[in-house]
1. Let me have the 222 nm mean residue ellipticity of the chain computed from DSSP H runs of 4+ only, each contributing -39500 (n - 2.57), with the sum over all residues rounded to the nearest 500.
2. Over the chain, one equal point on each Cα, no solvent: what is log10 I(q)/I(0) by the Debye formula at q = 0.23 Å⁻¹?
3. Would you please give the residues with an amide H less than 5 Å from that of Tyr11, counting only those at least 5 places away or on a separate chain, with H modeled from the backbone geometry?
4. Using only Cα atoms, tell me the angle between helix 25-37 and the longest principal axis of the chain; keep it within 0 to 90° and round to the nearest 10.
5. So how far apart, in nm, are the two label points at Ala14 and Glu27 if each is 7 Å from Cα heading toward Cβ?
6. With θ taken as phi - 60° and the coefficients 6.51, -1.76 and 1.60, list the Karplus ³J(HN,Hα) couplings across the range 12-19 in order, rounded to whole Hz; mark glycine and proline as x.
7. Rounded to the nearest 0.05, what FRET efficiency do Ala49 and Met1 have when you use their Cβ-Cβ distance and R0 = 35 Å?
8. Looking at the range 1-46, which chymotrypsin sites (Phe, Trp or Tyr not before Pro) are DSSP coil and have at most 16 other C-beta atoms within 10 Å of their C-beta?
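The numbers here are math on the coordinates, done by the rules we state, and not lab data. These figures come from a predicted structure and were not determined experimentally. Backbone-built Cβ (ideal geometry, glycine too); neighbour counts: all protein chains shown.
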Amino acid sequence: MVTVQSDAELYCNAVQAMPFARPHFDEQIAALDFAMSKNHPGRGEYHGALSQQSIS
């Protein structure tokens, strides 16, 4: 499942290839609705400057 914000920025990308232990689609939608209503950022989101050392 890929979730894209209204500004065309990727918010969430969830891939599950195994047929077991998959969350129900309704549960995923409810979790996204909750996170977006609280304005939670996606995990790993960073808005600072990158140094040359962190790029290599």
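1. Theoretical 222 nm ellipticity from helices: -8500 deg cm²/dmol.
2. -1.02
3. Distant-sequence amide H within range of Tyr11: Thr3, Val4, Gln5.
4. Approximately 40 degrees, to the nearest ten.
5. A separation of 0.9 nm, rounded to one decimal place.
6. 8, 9, 10, 10, 9, 8, 7, x
7. 0.65
8. Of the chymotrypsin sites (Phe, Trp or Tyr not before Pro), the ones in loops of the range 1-46 whose Cβ has at most 16 other Cβ atoms within 10 Å are Phe20, Tyr46.
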